[in-house]
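Participant: Have a look at this one before I ask anything.
The values are calculated or read from the model by the stated rules, or taken from the named source; none is laboratory data. None of these values were measured; they are calculated from a predicted model. Please note: Cβ atoms are built from the backbone with ideal geometry, for glycine as well, and neighbour counts cover all protein chains shown.
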Amino acid sequence: MIKKKILVTGGAGFISSSFVRHLLTKTPHDVVSLDALTYAGNMENLTDVLGHERLSFVHGDIRDRDLVGDIVGQVDVIVNAAAESHVEKSILEGAREFVTTNVEGTQILLDAVRRRPVERFVLISSSEVYGTAERDPMDEEHALNPRSPYAATKAGADRLAYAYFVTYGLPIVILRPFNNYGPFQHPEKVVPRFITQALADRPLTIHGDGHASRDWLYVEDHAEAIDAVLCTDMDSIAGEVVNLATGADISVSQIASMVLDVLGKPATLKEHVPERPGQVHRHIGSTDKAERLLGWRARVSFEDGLERTIAWYQQNRLWWETALRAERTASRSAS
Ligand SMILES: NC(=O)c1ccc[n+]([C@@H]2O[C@H](COP(=O)([O-])OP(=O)(O)OC[C@H]3O[C@@H](n4cnc5c(N)ncnc54)[C@H](O)[C@@H]3O)[C@@H](O)[C@H]2O)c1
């Protein structure tokens, strides 16, 4: 394998930190991790690899044109995963940061690549761009009907990257991962929220009747998929959109029950609250294109991934309690 220098944006976040760890432990590549360290970025996500000789960490913003221009000039490959990523936050707190980071940040990176070409630019889009499934499973031709401000900004970045492939011939690949879960995920997201609520013997709050279902991808499977993109001949994937999914869906209510079951907590901890506006009801991704183009298929079953994730949150209580405290302090000072 030829050694490359890879820029991973959002490198202190949940998915990117897992991908950075994957690159450092499973590949020969050098890694530059660029992260603005918003409330979702956490240097502790990288503690075990921070001193690694092939990792440089840059504290900075993808919306900073000069900084981005400098870094892009020094790398061979870009994986753009930096984003405001919390659907509910985009609904309740406004879309501004979502538009500027997710859309404008992507545009700044893409324009930097026009000036200083790279070998490939991988955009981490999202299955949320599809909206509720019109058919099962959802393939890459499914209509884009984003149902939340977050999803709309991801669709904007996704189509912007595609337009730069068509218009300027940039070497773009667009990945649409379905819902991720695993260690180091901020406790605002549903799987770690249920786990941490159960560990603290607090009610697991479920929107509506909990029927909303998603296709759940273990974060290490996701890292392997991005690696597969880096290893695939660019001629066969340039300009392509590829789903990263498992092909099965599990409802929010089922997940709450499974968490309570694994932790030996009573089912009475499940508590229903009003349905979330902009709710996507069902998501199952087609896995055909990822298998055909990348030779990739998710390997971790939901049962196995959930057990590994629960074990991690049991062993890393300080990590999630600190994240929850920071969130409470931030919302107190905002109000
Ligand atoms: N988590 C999921 O289930 C999921 C599913 C599909 C797609 N995605 C996408 O995958 C990517 C990573 O998601 P995640 O769950 O790891 O998110 P995350 O919120 O855990 O991490 C995002 C990271 O981006 C950083 N960041 C935010 N704004 C930035 C900016 N302007 N400049 C530089 N860094 C910035 C944050 O500090 C954080 O470290 C995102 O693009 C998200 O939209 C996530």
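Participant: Filtering the range 112-141 down to residues that are of a type outside the set (A, V, I, L, M, F, W, C) and buried (at least 17 other Cβ atoms within 10 Å of the Cβ), which residue is nearest to the ligand (Cβ to nearest atom)? Can you show your working first?
Facilitator: We begin by selecting, within the range 112-141, every residue of a type outside the set (A, V, I, L, M, F, W, C); these are 114-117, 119-120, 125-128, 130-132, 134-137, 139-141.
Applying the additional criterion that residues be buried (at least 17 other Cβ atoms within 10 Å of the Cβ) yields 120, 125-128, 130-131, 137.
On the way: 120: 17, 125: 7, 126: 4, 127: 6, 128: 7, 130: 11, 131: 14, 137: 16 Å.
So, considering only residues that are of a type outside the set (A, V, I, L, M, F, W, C) and buried (at least 17 other Cβ atoms within 10 Å of the Cβ), the one nearest to the ligand (Cβ to nearest atom) is 126.
Participant: Are there any helices (runs of 4 or more DSSP H) wholly within the range 27-140 with 2 or more residues that are on the phi < 0 side of the Ramachandran plot, without any contact (Cβ under 8 Å) to a residue 40 or more places away in the chain and out of contact with any Pro (no Cβ under 9 Å at 6 or more places or on another chain), and if so which?
Facilitator: 65-72
Participant: Identify all residues within the range 183-236 that are of a type in the set (Gly, Ala, Ser), within 16 Å of residue 265 (Cα to Cα) and in contact (Cβ under 8 Å) with a residue 12 or more places away in the chain; write none if there are none. If you could, list the steps in order and put the result at the bottom.
Facilitator: Our first condition is that a residue be of a type in the set (Gly, Ala, Ser); within the range 183-236, this holds for 198, 200, 208, 210, 212-213, 223, 225, 228, 236.
From what's left, within 16 Å of residue 265 (Cα to Cα): 198, 200.
Result: 198, single match.
Participant: Would you list the helices (runs of 4 or more DSSP H) that sit entirely within the range 229-335 and hold 2 or more residues that are over 25 Å from residue 87 (Cα atoms)?
Facilitator: 252-263, 288-294, 302-315
Participant: Suppose we filter 160, 144 for residues that are free of Cβ contacts under 8 Å to residues at least 24 places away in the same chain, under 19 Å from the mean Cα position of the chain (by Cα) and within 15 Å of the ligand (Cβ to nearest atom); which single one remains? Walk me through it before giving the result.
Facilitator: On the way: 160 fails: free of Cβ contacts under 8 Å to residues at least 24 places away in the same chain.
The match here is 144.
Participant: Moving on. Starting from residues that are modelled with pLDDT of 95 or more and among the acidic types (Asp, Glu), keep the ones in the range 273-320 and report whichever is nearest to residue 234 (Cα to Cα).
Facilitator: 291
Participant: May I ask you to list the residues in the range 45-74 that are more than 8 Å from the ligand (Cβ to nearest atom) and within 16 Å of residue 22 (Cα to Cα)?
Facilitator: 46, 47, 48, 49, 50, 51, 52, 53, 54, 55, 56, 57
Participant: For the range 267-302, how many residues meet the condition of being at positive phi and surrounded by fewer than 17 Cβ atoms within 10 Å (Cβ to Cβ)?
Facilitator: 1
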